[in-house]
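The structure appears right after this line, and notes come after that.
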Amino acid sequence: MRAAGAEILAISTDHNWTHRAFTTSLGGLPFPLLADWDKQVTRRYGILDENRGSPKRAVFIVDCEGIVRFKNDAFDARNPGHYDEALEAVAALP
């Protein structure tokens with residue numbers, strides 16, 4: 001993604017201390033993991049499952065002007081095609 005000119009941000013509804021423990025358990029992450037503990041961001045992007053209180057796993061490609069150019073709100077990290085779709089969306093950015 002970075003080679004294509006994209007910046008990666010991960011957002012979770014967990015708190016910062018949970019993120020630190022998770023990141024440490026993985027030996028670090030090559031991108032920031034942001035806390036949306038009050039669920040405002042996930043709610044705003046329409047991926048919060050209000051019944052479960054947790055967000056769906058999703059990928060958004062947002063351009064430099066803040067416009068969402070790609071959305072996959074059924075992202076499956078085990079599906080290589082989902083990564084390919086996201087890379088294609090980044091490559092298609094103006």
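Since every read-out is calculated from the coordinates, none of them should be taken as a lab result. Since the structure is predicted, the reported quantities are computational estimates derived from the model, not experimental observations. Here Cβ is always computed from backbone atoms with ideal geometry, including for glycine, and neighbour counts include all displayed protein chains.
Annotations for the structure displayed:
- For the residues S54, S25, S12, a GNM of the chain with alpha-carbon springs under 10 Å puts the largest fluctuation on S25.
- Counted residue by residue at 0.36 nm each, then reduced by the alpha carbon distance between them, the extension gain from A92 to A58 reaches 10.3 nm.
- With Cα atoms, 0 to 90° folded angle of helix 80-91 axis to the chain main axis: 60
- Unit charges on C-beta of K, R, D, E only; dipole of the chain, Debye: 220
- Proximal charge balance of R69 [Cβ under 13 Å; K/R count +1, D/E count -1]: -3
- Fraction of beta bridges assigned by DSSP in the chain that are antiparallel (%, nearest 5): 65
- Ordered by the count of other Cβ atoms within 10 Å of each Cβ, fewest first, Y45, Y83 give Y83, Y45.
- Under Karplus coefficients 6.51, -1.76 and 1.60, residue-wise ³J(HN,Hα) of region 7-12 in Hz, glycine/proline x: 9, 9, 10, 10, 10, 9
- Helix-derived mean residue ellipticity, 222 nm - over the chain, DSSP H n ≥ 4, -39500 (n - 2.57), to 500: -8000 deg cm²/dmol
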